[in-house]
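Accompanying notes for the structure given below.
Only the coordinates and a few stated rules stand behind these numbers; no lab work does. The shown structure was predicted, so the numbers you read here are calculated from the model rather than taken from an experiment. Virtual Cβ from ideal backbone geometry, glycine too; neighbours counted across all protein chains shown.
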Amino acid sequence: MKKFVMILAGLAMIGAVAVGLINKGDREAVRAELDDLAVKVKDVTEQLGAAEDKREDTLEKETQAKDGRNQAAAGVEGVKQELKIVERALEDVEADLKKVEIEQKEIDLAVQRRFPSGEIKSADDLRMTLMMYKDTLTERQNKKAELVAQMEAANQAKQVEVAKVREEEKYQNQRAQKLAVGGLVATVIAVNNEWGFVMVNAGQAHGVRPDASLLVKRGNSRIGRLRIVNLEATATITDVVDDSIVPGINVQPGDKVIFETSN
């Protein structure tokens, strides 16, 4: 607005000068004066434009500076609020710390009452003692596990040896059984001529096997052979082998029976 007013004032001056010169009748002088005034008006206009631009730039910078100050003020206010929050949190922490200290003192007093000997004076001492006990317990548990492993290995070795011993016992029992059966002497306890069977007082419990061969003797004489029909625990049911009996002689109770094995 100021630029426009100044331009109008310059034009008015030019008009006034032109009128005054025209009245004098000096056109050339008027034209020269007008040209000079036009140059001056142009210079003034450019100066005014530069001044206006500078003024607008200054106003913009001032606005930016105000915005910066406002932002800075807002930042400061935010920092103040955060500082207040931190201060309140610090107060809470200090209160909790005091509470913990009081509780720690109470625990220490309880520990001292529980351990009046003075070996454990505080909760820290108690924790150290518990840690030591835990380490000792862990060490002993590891030792126990090691001993259990050794015991299991020994038991396995023992089982192997026991199996070997039992196998040897079985072999010896079988061998002794064979020897015993080979020398076993039983007695005829019953004879049924109608059904044709003979009962002997020895059976499985005495080591008699189904494939055993039975020789009947009376005194020192052999009178025949028997064949096993039914083998019981303590008795053996047999029949007489055809053509094995001495003619004119029958098997009778009291006759001796000698068991023979095939191997």
Checklist entry - Lys54: net charge of surrounding residues, Cβ under 11 Å, Lys/Arg +1, Asp/Glu -1, itself excluded? => result -3
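With a Förster radius of 35 Å, plug the Cβ-Cβ distance of Ala29 and Ala51 into 1/(1 + (r/R0)^6) and report the FRET value to the nearest 0.05. Please list the in-between numbers first.
Working: r = 32 Å, r/R0 = 0.91.
Result of the calculation: an efficiency of 0.65.
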Next on the checklist: Quick query: amide H of Arg225 versus all other amide H atoms, modeled in the peptide plane; which residues come in under 5 Å with a sequence gap of 5 or more or a different chain?
Outcome noted: Val216, Val241, Ser244, Ile245
